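The values are calculated or read from the model by the stated rules, or taken from the named source; none is laboratory data. Please read these numbers as outputs of a predicted model, since none were measured by experiment. We place every Cβ from the backbone using ideal geometry, glycine too, and count neighbours over all the protein chains shown. Side chains included, ligands, DNA and RNA excluded: accessible areas come from the protein's heavy atoms. Shrake-Rupley method; radii C 1.70, N 1.55, O 1.52, S 1.80 Å.
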Amino acid sequence: MLRSARAAEVRYAVFGSQEAPIGFRLGIDLGGSKLALAIANPEGRLIAHERRPSRISGDPDADLSAMAADAADLIARSGLAHSDFDAVGFSVPGPIDHARGAILAPPNLPGWRDVPLRDRMSALLGLPVRIENDANAAALAEWRYGAGRGAHHLAFLTMSTGVGAGLILADRLYRGHLGRASEFGHVCVEWEGERCGCGRRGCFEAYLGGAAWTRRLREITPATSRVLTLAGERAKVLPEHVVAAAGGGDAFACEEMQRFNHYLARAIAVLCFALAPEVVVLGTIATAAGEKLCLEPVRALVSAQVWPSLCEGLRIVSSGLKDELPYYAGVCVAIDGLAEGAFD
């Protein structure tokens, strides 16, 4: 992270004088397991960032106060003042009420129900705030700065704690009616299938989400698998251990990756038939697994199930921003809000 002296240098180099216009952006990405904060200069370049566990207490007021304190601390350590910022972008789990700037009932944020995040954070920070579904925010970030640059029609799929999708259609973020589109993780793929965190059964999230996969792995990983060796004990098994063990040829891990790839290909096939994107960008688990374990077999599965006319020119790629994606996600919510005049 850049400290105060360096932040001042960047500001001077970008604008040429201390009297030049300002307009830094603060981005905050809230997930079920992590909180990522970032500051970008007016050109969109990150000058400071940090990450910590989200530590959701179930009390939204206390949780938001802690996030605001973290943001204020990052601003202070960057050498900037609140008056140097023109917008704050918040990337959050859905569903959200975009018009009110409220989080409704996210499965992975227990205790958060109809939380007016935009207004509360604006009051705490003294800055205009815009919120966006986290997958939408990630789609904006990959479209502006990552693997989707230059595309006019993009779909982003994230498989972190849960599963979400973000859509750029005809060079604009697509939000749908009331801003509630792209809850793709809760499309039912198996009637009466695995229980999902949303309370329904058979959602894509129950098969592709990190939380659901972790629960499954801790129940079924055999003692003979290298997955257990890497984790140390059953209670600590994670999808990342499956990825590592599959890379070494572990039979159980390879079977689990095949299962993951099967459901991921199903999800992409639905997107292809419904929306015909130019590029599908995959985050988190798929990015970590890489070409051989995930992307190549997924491309083959999609090609076998989707009409050739819909696969023509289609790119299925991993995140271009990788570990920096959460930082750019929040920042891009602010940038998009400024472009739409949301803070006027």
Segment 136-187, residues that are part of a loop (DSSP other than H, G, I, E, B) and without any contact (Cβ under 8 Å) to a residue 24 or more places away in the chain = 150, 170, 171, 174, 176, 181
Just one of the numbered conditions (1) farther than 24 Å from residue 203 by Cβ; (2) touching a Leu at 6+ places or on another chain (Cβ under 7 Å) is not true of residue 296; which one?
-> (2)
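Filter segment 105-119 for residues that are open to solvent by 40 Å² or more (accessible area, probe 1.4 Å) and under 18 Å from the mean Cα position of the chain (by Cα); which is nearest to residue 31 (Cα to Cα)? Explain how you work it out, then say what you get.
First, the residues of segment 105-119 that are open to solvent by 40 Å² or more (accessible area, probe 1.4 Å): 105, 107-108, 110-111, 113-114, 118-119.
Now narrow it down to the ones that are under 18 Å from the mean Cα position of the chain (by Cα): 105, 107-108.
Values: 105: 14, 107: 11, 108: 8 Å.
Restricting to residues being open to solvent by 40 Å² or more (accessible area, probe 1.4 Å) and under 18 Å from the mean Cα position of the chain (by Cα), the top hit is 108.
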Within segment 293-306, track down each residue that is out of contact with any strand residue (DSSP E or B) (no Cβ under 9 Å at 6 or more places or on another chain) and open to solvent by 20 Å² or more (accessible area, probe 1.4 Å).
-> 293, 296, 297, 300, 301, 303, 304, 305
So how many residues does segment 188-210 have that are out of contact with any Pro (no Cβ under 9 Å at 6 or more places or on another chain), small (Gly, Ala, Ser) and touching a residue at least 24 places away in the same chain (Cβ under 8 Å)?
-> 1
Under 7 Å between Cβ atoms, at least 6 apart or on separate chains: pull out the pairs that start in segment 291-320 with a residue that is farther than 16 Å from residue 264 by Cβ and end on any residue that is open to solvent by less than 80 Å² (accessible area, probe 1.4 Å).
-> 310/272; 310/276; 313/278; 320/142; 320/146; 320/147
Within segment 265-312, considering residues that are more than 17 Å from residue 142 (Cα to Cα) and among the hydroxyl-bearing types (Ser, Thr, Tyr), the one farthest from the chain's Cα centre (by Cα) | 309
For segment 197-214, what are the residues that are open to solvent by 10 Å² or more (accessible area, probe 1.4 Å) and assigned to a loop (DSSP other than H, G, I, E, B)?
-> 197, 198, 199, 200
If only one of 153, 177 is more than 21 Å from residue 338 (Cα to Cα), open to solvent by 20 Å² or more (accessible area, probe 1.4 Å) and touching a strand residue (DSSP E or B) at 6+ places or on another chain (Cβ under 6 Å), which one is it?
-> 153
Residues that are touching a strand residue (DSSP E or B) at 6+ places or on another chain (Cβ under 7 Å) and closer than 16 Å to residue 175 by Cα, drawn from segment 98-116 | 101, 102, 103, 104
Is segment 130-143 home to any residue that is farther than 20 Å from residue 99 by Cβ, in contact with a helix residue (DSSP H, G or I) (Cβ under 6 Å, 6 or more places away or on another chain) and either surrounded by fewer than 24 Cβ atoms within 10 Å (Cβ to Cβ) or at pLDDT below 95 (or both)?
-> no
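Among 244, 251, 223, 265, which is the only one that is aliphatic (A, V, I, L, M), closer than 16 Å to residue 158 by Cα and modelled with pLDDT of 95 or more?
Being aliphatic (A, V, I, L, M), closer than 16 Å to residue 158 by Cα and modelled with pLDDT of 95 or more holds for just one of 244, 251, 223, 265, which is 265.
For segment 259-280, what are the residues that are part of a loop (DSSP other than H, G, I, E, B) and crowded, with 19+ Cβ neighbours inside 10 Å? First the steps, then the outcome.
We begin by selecting, within segment 259-280, every residue part of a loop (DSSP other than H, G, I, E, B); these are 276-278.
Residue satisfying the conditions is 277 alone.
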Exactly one of 290, 283 is open to solvent by less than 40 Å² (accessible area, probe 1.4 Å) and on the phi > 0 side of the Ramachandran plot, and that one is 290
